[in-house]
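Asks: There's a structure below that I have some questions on.
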Amino acid sequence: MTNPTGLPYTPSLRVGDWVIVSGQIGMVDGGLVRGGFEDELRVALSNVASRLAEHGASMAQVVKTTVFLHHMTDYGEMNRLYAEAFPDEPRPARSAVAVGELPLGAMVEIEAWAYLDER
């Protein structure tokens, strides 16, 4: 479990039956992926999955997410891609909020909580 940013936080942490994933942006190799909102969100979700896998967890175990959007106009597109990442019911509980800025000028950030017992 490495922190690719070098900043003072833990990208993911297991506490008992929980894995908490800090906000993930569309970062690859130390920089923001190019290609726009869809590419950023796909990479952010992939980064969430990678952080979970470091603890033996998967996206299927996620029970709560928070999505931070730079532009609420991306909400519909976010829902479409989010449904691909979480295809099974019940989907995680979720909050989606618009924010003024995100790290590295990202358009989207997503954090997740996964419960390792049966859902």
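Every read-out reported here was derived from the displayed coordinates using simple, explicitly stated rules and does not represent laboratory data. Bear in mind that the values here come from a model prediction, so they are computed numbers and not experimental data. Counting neighbours? That spans all protein chains shown, and the Cβs are built from the backbone with ideal geometry, glycine included.
Asks: Starting from the 7 Å offset along Cα-to-Cβ, what nm value, one decimal, do you get for the label separation of R34 and W113?
Replies: 3.9
Asks: Using a 10 Å cut-off around each Cβ, can you sort T66, T10 from fewest to most neighbouring Cβ atoms?
Replies: So the residues, fewest neighbours to most, are T10, T66.
Asks: Among R14, R34, which comes first, second and so on when ranked by fewest other beta-carbon atoms within 10 Å?
Replies: Arranged by neighbour count, lowest to highest, R14, R34 become R34, R14.
Asks: Once fully extended, how much extra length lies between E89 and S58, figured as 0.36 nm per residue of separation less the alpha-carbon to alpha-carbon distance?
Replies: Length gained between E89 and S58: 9.7 nm.
Asks: Just checking my list (1) 19, 16, 13; (2) 21, 18, 12; (3) 34, 28, 13 against semi-axes √(5λ) of the Cα gyration tensor in Å computed from this structure; which label fits?
Replies: (2)
Asks: Just to verify a number: FRET efficiency for T73 and W18, C-beta to C-beta distance, R0 = 35 Å, to 0.05?
Replies: After rounding to 0.05, the efficiency reads 0.60.
Asks: While we're on this one: For the chain, what is the percent of antiparallel DSSP beta bridges, rounded to the nearest 5?
Replies: Taking every DSSP beta bridge with both residues in the chain, the antiparallel ones total about 75 percent.
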